[in-house]
Amino acid sequence: MMTLEDAGMTGELTNMTTDTLGQRLFTYAVITDTHLNQGEEECNSPFEVNKLANGRMRHVVRDLNTREVDFVLHLGDLLHPVPHIPHLYEQAAQCFKDQVKDLRHKLYVIPGNHDVGDKPVDWCPAGMVRPEFLELWDQHFGPNYQAFDHGKVRFILIDAQIVNSGLAAEAEQKAWLEAELAAAEAAGQRVFLNTHYPPYLTYPDEDEHYDNIGEPGRSWLLELLEKHKVEALFAGHVHNFWYHRHGATQCWLLPSTAFVRQDYSEMYRAAPPPEFEAGRNDWNKLGYFIVHVHENGHLCDIVRTYGTSVEPGAPVAAVPDTVTPVHPLMSPVTRFGFDMRQNWLEVIEIPPSGGLDEFDRKRTRNDYALMALMEMGVRRLRIPARDLLDPGHRARLDVLSDLGFLFTLFSFDAPDAELAAAVKGAKGLIDIWEVAQNLSDLPDVAAAALPVAEAAGVDLYLSKLRSKDEMARGGEKYFHMINHGFTPDEDDQIARAAAIPGVKGIVFRVAGETPPAEAVAAAVKAASPHGLKVSLHIRMSIGSPGAAQADEPWVAARAAEALAAAHATADAHVYCDTFSDVDRGYFARQGVVDRLYNPRPAFHALRHLTGALAAAGTGAWAVKAGDVTVTGGTAAGAGTLVDLATGQVRPGGADALAKASGPAAWVAGQ
């Protein structure tokens with residue numbers, strides 16, 4: 001599989017890498033929870049989706065073989081049959097060996113609870129880890145914990161099941177791990193720790209449940225992370241994506257390649273469709289990680305496999321050339337983003353399901369919003385004041401800032417003392433603050449907000465509420481609907497806003513009927529003579545609050561056009577007003593992900609477009625979305641065409657862009 005990066009079309013990426021993370025040293029892959037069965041469709045699980053695990057693993061092996069990685073880590077639950085059923089375990093182990101013999105990369109494995117027995121739990125009937133199960137693992141797969149060096153990084157793989165077990169193996173592993181970490185620190189090595197069970201999901205002091213490590217083992221492990229400043233921890237078991245930081249350690253919890261843990265479907269405010277088997281077969285959430293290790297850190301790319309399954313003996317399909325996705329930390333697209341209307345930072349309580357936990361609720365976040373943003377390389381997020389005022393949300397923003405995200409704050413009226421203190425305390429976290437009020441009140445609002453903005457080092461933008469008369473002149477009939485922002489034809493009002501001391505920019509509203517590129521050009525033309533920058537809110541709905549917008553191609557084209565226009569215009573920040581679907585209430589409309597936070601076509605268009613713009617660097621580029629073409633530089637001559645729906649690339653001149661049937665991009669150069 002060739003990518004634009006392989007072809008050398010990385011534009012400014014090399015410099016960006018050097019300035020932030022340093023040069024990339026090597027790349028590897030992490031997979032987990034493959035749950036292979038004892039036969040191709042023989043399965044001892046009550047769930048139909050489990051029958052697909054072997055075929056899904058076969059696809060993963062083939063997909064990995066198309067990638068240039070130095071090695072592959074497997075974080076456990078290689079098999080589904082547990083060691084209590086040794087004859088099925090033996091058959092499943094052979095199936096795993098048969099599959100990975102085709103893998104062209106070195107493979108390192110550690111056991112999961114399905115491989116050597118569960119951690120010690122007295123509320124669950126599952127068989128717990130015991131010496132004979134460890135011996136069975138050793139017979140088939142080797143040591144249950146190990147370490148190796150790659151470059152200047154020490155990779156440590158532990159057996160989480162034996163923590164708190166009281167077995168002799170626990171004491172042996174404990175002494176070994178402490179010695180490994182001490183030796184790595186003495187040698188100046190970075191450490192990546194790998195485990196099946198995560199220490200915790202959300203809080204270091206959360207109660208023990210099926211999906212974390214209990215005490216005292218948890219505190220022991222966390223103290224080691226802190227003492228030795230472990231760079232990263234990777235964990236499986238949970239079959240879902242989560243991310244958090246523990247001190248200096250980035251903690252990554254990975255999805256499965258086989259199925260989703262359906263108890264966590266309670267994170268979403270929507271029911272899974274029947275084909276998802278109550279959430280267990282939500283194939284959109286299956287996948288693995290590609291990890292890029294740099295001189296000064298690492299980046300994780302998520303590879304969604306979408307449940308792709310390969311039959312035994314099926315021919316290996318050709319893999320098309322595709323654009324390389326870009327991580328937010330590396331993305332050159334800094335002025336396009338989303339209005340984060342839904343509460344994407346909240347901690348949700350997962351009710352006991354009667355399956356794996358029965359006596360309390362588990363607390364966690366829906367990090368599939370974060371995962372989608374990371375995949376798209378979208379950095380800019382517009383957040384309400386509530387996200388600064390809520391201590392949990394505020395702490396989470398700091399964590400996400402380290403991943404490359406940029407925040408624009410919005411609020412109404414002059415800040416009270418609480419908000420003023422929060423804004424000042426967010427210095428270095430937010431860089432733009434939008435404040436809305438009636439036009440006549442904006443001078444007083446700005447006078448109150450400006451000292452706060454200056455203390456926080458942020459640019460102050462103003463937005464005016466639109467009156468009933470203004471809405472009536474615009475043809476609107478529904479006067480209860482709040483509407484704010486300037487329009488380009490309001491030159492006198494823009495001049496009044498520009499005369500307010502300290503104001504750096506103004507906000508424009510962009511109705512669904514107006515193309516984003518046209519709106520950006522008109523806003524800049526109206527504001528720039530007054531020395532103002534612009535912020536544009538792109539509505540992703542058309543018509544009345546009772547109408548529903550469900551046109552996926554329109555959403556994809558409009559979002560791609562908005563991103564391209566923002567990237568092409570230095571003094572404009574552009575926000576689509578819908579990230580996740582709004583499927584109830586007013587102005588029902590589609591976003592780039594649905595209410596299960598699964599990708600819609602617009603997600604793919606933006607993901608491929610940020611990758612194409614990263615490849616373009618300072619070179620010329622062009623984007624065609626619907627009937628609109630947006631350019632950066634002189635779009636002429638030879639180059640590469642990118643299908644924004646699929647990411648596929650092919651050689652072509654800029655003139656070929658006009659013939660594209662859907663959203664497409666062109667990047668200059670061979």
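The values are calculated or read from the model by the stated rules, or taken from the named source; none is laboratory data. Computed from a predicted structure; not experimentally measured. Reconstructed Cβ throughout: ideal geometry from the backbone, glycine too, with neighbour counts over all protein chains shown. Just the protein is used for accessible areas: all its heavy atoms, side chains included, with ligands, DNA and RNA removed. Shrake-Rupley method; radii C 1.70, N 1.55, O 1.52, S 1.80 Å.
Conditions (1) touching a Ser or Thr at 6+ places or on another chain (Cβ under 7 Å); (2) under 28 Å from His604 (Cα atoms); (3) part of a helix (DSSP H, G or I), marked per residue:
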site: Thr324; (1), (2), (3): yes, yes, no
site: Leu356; (1), (2), (3): no, no, no
site: Arg382; (1), (2), (3): yes, yes, no
site: Leu397; (1), (2), (3): no, yes, yes
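Can you pull out every residue in the range 223-243 that is open to solvent by 10 Å² or more (accessible area, probe 1.4 Å) and either free of Cβ contacts under 8 Å to residues at least 60 places away in the same chain or closer than 26 Å to Glu358 by Cβ (or both)?
Within the range 223-243, Glu223, Leu224, Glu226, Lys227, His228, Lys229 meet the criteria.
Here is a list of conditions, (1) open to solvent by 20 Å² or more (accessible area, probe 1.4 Å); (2) more than 24 Å from Ala560 (Cβ to Cβ), and Leu406 meets all of them except one; can you say which number that is?
Failed condition: (2).
I'd like to verify a number: residues in the range 105-140 that are assigned to a helix (DSSP H, G or I), open to solvent by less than 10 Å² (accessible area, probe 1.4 Å) and either of a type in the set (D, E, K, R) or modelled with pLDDT under 95 (or both), how many?
Within the range 105-140, residues that are assigned to a helix (DSSP H, G or I), open to solvent by less than 10 Å² (accessible area, probe 1.4 Å) and either of a type in the set (D, E, K, R) or modelled with pLDDT under 95 (or both) number 1.
Find all pairs meeting these conditions: Cβ atoms under 7 angstrom apart; at least six residues apart or on different chains; first residue within the range 546-574 and assigned to a strand (DSSP E or B); second residue at pLDDT 95 or above and not aliphatic (A, V, I, L, M).
Close Cβ pairs satisfying both conditions: Ala572/Arg335; His573/Arg335; His573/Arg380; His573/Thr408; His573/Ser535; Val574/Arg335; Val574/Phe336; Val574/Pro516.
Taking the stated definitions as given, is Asp63 of a type in the set (D, E, K, R), modelled with pLDDT of 95 or more, crowded, with 19+ Cβ neighbours inside 10 Å and not in a loop (DSSP other than H, G, I, E, B)?
Criteria met by Asp63.
Could you say whether any residue in the range 373-380 is touching a helix residue (DSSP H, G or I) at 6+ places or on another chain (Cβ under 9 Å), open to solvent by 10 Å² or more (accessible area, probe 1.4 Å) and at positive phi?
Within the range 373-380, not a single residue is touching a helix residue (DSSP H, G or I) at 6+ places or on another chain (Cβ under 9 Å), open to solvent by 10 Å² or more (accessible area, probe 1.4 Å) and at positive phi.
Can you tell me which of Pro199, Pro143 is free of Cβ contacts under 8 Å to residues at least 12 places away in the same chain, within 27 Å of Tyr288 (Cα to Cα) and either not aromatic (Phe, Trp, Tyr) or not in a helix (DSSP H, G or I) (or both)?
None of the others qualify; the one that does is Pro143.
What number of residues in the range 245-255 are open to solvent by less than 10 Å² (accessible area, probe 1.4 Å) and not hydrophobic (A, V, I, L, M, F, W, C)?
Going through the range 245-255 one residue at a time, the tally reaches 2.
Would you mind stating whether Gly236 is of a type in the set (Gly, Ala, Ser) and under 25 Å from the mean Cα position of the chain (by Cα)?
Here the answer is yes, as Gly236 does meet what is asked.
Quick check on this structure: which one of Ala175, Ala147, Ala183 is open to solvent by 20 Å² or more (accessible area, probe 1.4 Å) and in contact with a Phe, Trp or Tyr (Cβ under 7 Å, 6 or more places away or on another chain)?
The conditions single out Ala147.
Any residue at all in the range 256-271 that is crowded, with 19+ Cβ neighbours inside 10 Å, in a strand (DSSP E or B) and in contact with a Phe, Trp or Tyr (Cβ under 7 Å, 6 or more places away or on another chain)?
No, the range 256-271 contains no residue that is crowded, with 19+ Cβ neighbours inside 10 Å, in a strand (DSSP E or B) and in contact with a Phe, Trp or Tyr (Cβ under 7 Å, 6 or more places away or on another chain).
Condition first: buried (at least 21 other Cβ atoms within 10 Å of the Cβ) and more than 25 Å from the chain's Cα centre (by Cα). Now tell me which residues in the range 636-656 satisfy that.
Gly639, Thr640, Leu641, Ala654, listed by residue number.
Looking only at the range 433-481, which residues are at pLDDT below 80 and not in a helix (DSSP H, G or I)?
Ser467, Gly474, Gly475, Glu476, Lys477, Tyr478, Phe479, His480, Met481
Taking the residues in the range 600-633 that are part of a strand (DSSP E or B) and free of Cβ contacts under 8 Å to residues at least 60 places away in the same chain as candidates, determine which candidate is most open to solvent (accessible area, probe 1.4 Å).
This residue is Thr629.
Taking Glu172 as the residue in question, decide whether it is farther than 16 Å from Ala235 by Cα, of a type outside the set (Gly, Ala, Ser) and free of Cβ contacts under 8 Å to residues at least 24 places away in the same chain.
Criteria met by Glu172.
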